[in-house]
Amino acid sequence: MKKAILLFVREHIPFMLFQLGLVLFILLLYWLDGFRNPNTAIYSVAMSVLLTSGYLGGKFIMRRSFYSAIVEKPEKMEDALIRHVLTPEHRKTTEYTRQLYRLYQHEVQTLYNVQHRHLHFMNQWVHQMKTPISVINLLLQEEEVDKKSIGQEVERIRTGLEIVLVNARLETFEDDMQIERLPLKNVLQEVLNENKRLFITNGLFPVLNVDEQLTVATDRKWIKFMLNQFITNAVKYTFQKGKKIHVTAMQNAEGLLLEIKDEGIGIPASDLHRVTKAFFTGENGRLSGESTGMGLYIASEVCQRLGHELTISSKQGEGTTVALLFKDGKAGEQLDARSQDKQSPNKQPNEETNR
């Protein structure tokens, strides 16, 4: 309590000096006006001191909980929340402090979730990378090295490293984003060509049905990452050879709708609403044994930050459709130089991906 009183007094020293100066000024006016009665002057000073002391005493009583709280050393964050206040000023101060505390809790929880997710993901990723490394070691011990099998294991490691790097860059997404208007068909052809070996290995055929005039405003690197995730998932969960992966785009009232539809095993209804959750693998992920549960999660996060609407629908045994809505997508004729170069005759082999 002593510390609270001393703090209160130090805070109100300017006010007390002001009151003293005001009384002396009034007495000086009376003196200059010819008033010479010292008893009246003493009475005036005494009443001023009494009234000022009463005012400050009452004010301290109303604020004693506030001063008692701020002079004590806090032991936890909740100690900053002053619960018993009477004056309007301190009510507002308390509301402000509580709002700051809520913001602090939200930021701390966010940081904790990010750290926990990153640690969980790294532990899971390191565990999964042991498998291809072990397989490569076994293959290297053979007299005749199977380069094809080693290449497949190296590809698994490369894919895992890419997921790790993308997950790390997700925290600084805005610094790594560059929005430009891109020809959708060219971007899709690039992605399909990058996965050509995957299609051949699994005996699947991509069918691309997208108008060359369709363009979307997005980030080239991030949209390619998302499309890669959707394509590789479609291939991964289509076990029968000879099936097709249909990639179509159409203009509707809301924007440009891109659909990637496979003819695979589909997603169980119980798992469908959770496939974009971090680390969720579901029944299908357990079948393949290679799922980290992070691919669709990162893709959904990227979609949300880019402003694209992601929808996943599926029917078990018939296939899955991933729909991506570009609200600013449209048919355009003016493409940038890089896009025009991709449409030049020397890029015609890309069309083979559609066949």
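Taking only protein heavy atoms and a 1.4 Å probe, what accessible area per residue, in Å², does the chain have with all protein chains in place?
About 62 Å² of surface per residue is accessible.
Rounded to the nearest 10 degrees, what's the angle between the helix 184-194 long axis and the longest principal axis of the chain, both from Cα atoms, 0 to 90?
The helix 184-194 is inclined about 70 degrees to the chain.
Taking the alpha-carbon distance from LYS59 and a cut-off under 27 Å, which lysines remain once sequence neighbours fewer than 8 residues away in the same chain are dropped?
Counting by Cα, and skipping residues close in sequence, LYS59 has these lysines nearby: LYS2, LYS3, LYS73, LYS92.
Per the Cauchy relation, a quarter of the hull surface: what is the mean projected area of the convex hull of the alpha carbons in the chain, in nm²?
Quarter of the Cα hull surface area: 32.9 nm².
For the ranges 234-243, 120-129, what's the packing order if you count other beta-carbon atoms within 10 Å of each residue, average per peptide, and put the highest first?
In decreasing order of mean packing, 234-243, 120-129 become 234-243, 120-129.
Given the Cα-Cα distance of LEU28 and ALA253 and 0.36 nm per residue of separation, how much length would full extension add, in nm?
Gain in length upon complete extension: 72.7 nm.
If R₀ is 51 angstrom, what is the calculated FRET efficiency for the pair ARG169 and ILE70, using the beta carbon separation as r and rounding to 0.05?
0.75
Taking the 0 to 90 degree range and rounding to the nearest ten, how far is the long axis of helix 38-71 tilted relative to the main principal axis of the chain, both from C-alpha atoms?
20
Can you give me the % of accessible surface on region 1-156 that is carbon or sulfur? Probe 1.4 Å, all protein chains present, nothing else counted.
Within region 1-156, the accessible surface is 65 percent carbon and sulfur.
What do you reckon, how do TYR67, TYR297, TYR104 stack up by accessible area (1.4 Å probe), largest on top?
The ranking, largest first, comes out as TYR104, TYR297, TYR67.
Can you work out ³J(HN,Hα) from phi for every residue in region 258-275, in order, using Karplus 6.51 cos²θ - 1.76 cosθ + 1.60 and θ = phi - 60°, giving whole Hz and x for Gly and Pro?
9, 10, 10, 10, 10, 10, x, 7, x, 10, x, 4, 5, 9, 4, 7, 10, 5
Calculate, in nm to one decimal, what LYS196 and ALA41 gain on full extension: separation in residues at 0.36 nm each, minus their alpha carbon distance.
Full-extension gain reported as 45.6 nm.
Let me have the 222 nm mean residue ellipticity of the chain computed from DSSP H runs of 4+ only, each contributing -39500 (n - 2.57), with the sum over all residues rounded to the nearest 500.
Helices in the chain give a 222 nm mean residue ellipticity of -19500 deg cm²/dmol.
Round to the nearest 0.05 the FRET efficiency obtained for VAL49 and GLN105 when R0 = 45 Å and r is the Cβ-Cβ distance.
For VAL49 and GLN105, the calculated efficiency is 0.45.
Does anyone have the angle between helix 88-140 and the longest principal axis of the chain? Alpha-carbon axes, 0 to 90°, nearest 10?
Orientation of helix 88-140: about 30 degrees from the principal axis.
Test of understanding: what is the full-extension gain from GLU162 to GLN240, defined as 0.36 nm times their sequence separation minus their Cα-Cα distance?
Separation in residues times 0.36 nm, less the Cα-Cα distance, equals 25.4 nm.
Cα centroid distance between region 34-79 and region 166-181, in Å?
58
Within 10 Å, count the other beta carbons around each residue, average over each peptide in 26-38, 1-13, and list them highest first.
1-13, 26-38
With r defined as the distance between the Cβ atoms of LEU6 and GLN304 and R0 fixed at 51 Å, what FRET efficiency is calculated, to the nearest 0.05?
In this case the efficiency is close to 0.45.
Determine the relative contact order of region 163-274: mean sequence separation of Cα pairs under 8 Å and six or more apart, normalised by residue count, in whole percent.
26
Mind giving me the nanometre distance, one decimal, between the label points for TRP125 and ASP146, set 7 Å out from Cα along Cα→Cβ?
Inter-label distance under the simple model: 2.8 nm.
Among the listed pairs LYS241/LYS261; LYS185/LYS243; LYS196/LYS243; LYS130/LYS277; LYS221/LYS243, give every one whose C-alpha distance is greater than 18 Å.
Result: LYS185/LYS243; LYS130/LYS277; LYS221/LYS243 exceed 18 Å.
The values are calculated or read from the model by the stated rules, or taken from the named source; none is laboratory data. In this text, all values refer to a predicted model and were calculated from it rather than measured experimentally. When we count neighbours, we look across all protein chains shown, and the Cβ atoms used for this are built from the backbone with ideal geometry, even at glycine. These area figures cover heavy atoms from the full protein model, side chains too; ligands, DNA and RNA do not enter into them. Shrake-Rupley method; radii C 1.70, N 1.55, O 1.52, S 1.80 Å.
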